[in-house]
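Undergrad: This structure is in structure tokens; I'll ask about it shortly.
The values are calculated or read from the model by the stated rules, or taken from the named source; none is laboratory data. The shown structure was predicted, so the numbers you read here are calculated from the model rather than taken from an experiment. No Cβ is skipped: glycine too gets one built from the backbone with ideal geometry, and neighbour counts run over all protein chains shown.
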Amino acid sequence: MACETPKEIWEKIREEYEGSQKVKNVKLLTLKREFEMHKMKEGETVKEYAGKLMEIVNKIKLFGEPFPDSKIVEKMLISLPARFEPKISAIEESCDLTRLTVAELISKLHAQEQRTSLRDDETVKGAFQARQKWRHQGKGNKNGGAEHLSDPTQQKQANLVGFP
């Protein structure tokens, strides 16, 4: 069938490129399912998670489907790992979730993530310094720092498992 008018040509090209309405509906349903099933993984940052989620949302919007921020905010709050529970509670108590934008939520969660990361870094640094201090105090001893153990067998085991 030959197309005679520009409109017919346009419709034919659009249908071939986008697919029929059935195909569009299946693609849209798949994207919605992907959105609903998506959860933040344990090692993932807030920005990585939000980026993946917004990529799905943008694909849905390309099909002409309206997608309010409130739905995205709700999804994010539901699918965050347990380490965010205190922050989620604070946000639910202090913010109107129907007016909270995705950008504001990401900003709040990112700030929490940075504080937690900073605290974790300080804890690791403190533990490392304590270990170094303990090693330094034991230097020069024939037992390599395990002299605080009274039993010679315990001292030998401590040295075998890596206690200085």
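Undergrad: Go through the range 40-58 and give me each residue that's at pLDDT 95 or above and over 18 Å from residue 111 (Cβ atoms).
TA: Answer for the range 40-58, where residues must be at pLDDT 95 or above and over 18 Å from residue 111 (Cβ atoms): 52, 53, 54, 55, 56, 57, 58.
Undergrad: Let me ask something else. Please give the helices (runs of 4 or more DSSP H) falling wholly within the range 22-98 in which 1 or more residues are among the acidic types (Asp, Glu) and surrounded by fewer than 14 Cβ atoms within 10 Å (Cβ to Cβ).
TA: Those helices (runs of 4 or more DSSP H) span 46-62, 85-94.
Undergrad: Give me the pairs, please: first residue somewhere in the range 1-30 and under 19 Å from residue 58 (Cα atoms) and at pLDDT 90 or above, second residue anywhere and of a type outside the set (Ser, Thr, Tyr) and assigned to a helix (DSSP H, G or I), beta-carbon distance under 8 Å, and either six or more positions apart or on two chains.
TA: Partner pairs satisfying both residue conditions: 28/60.
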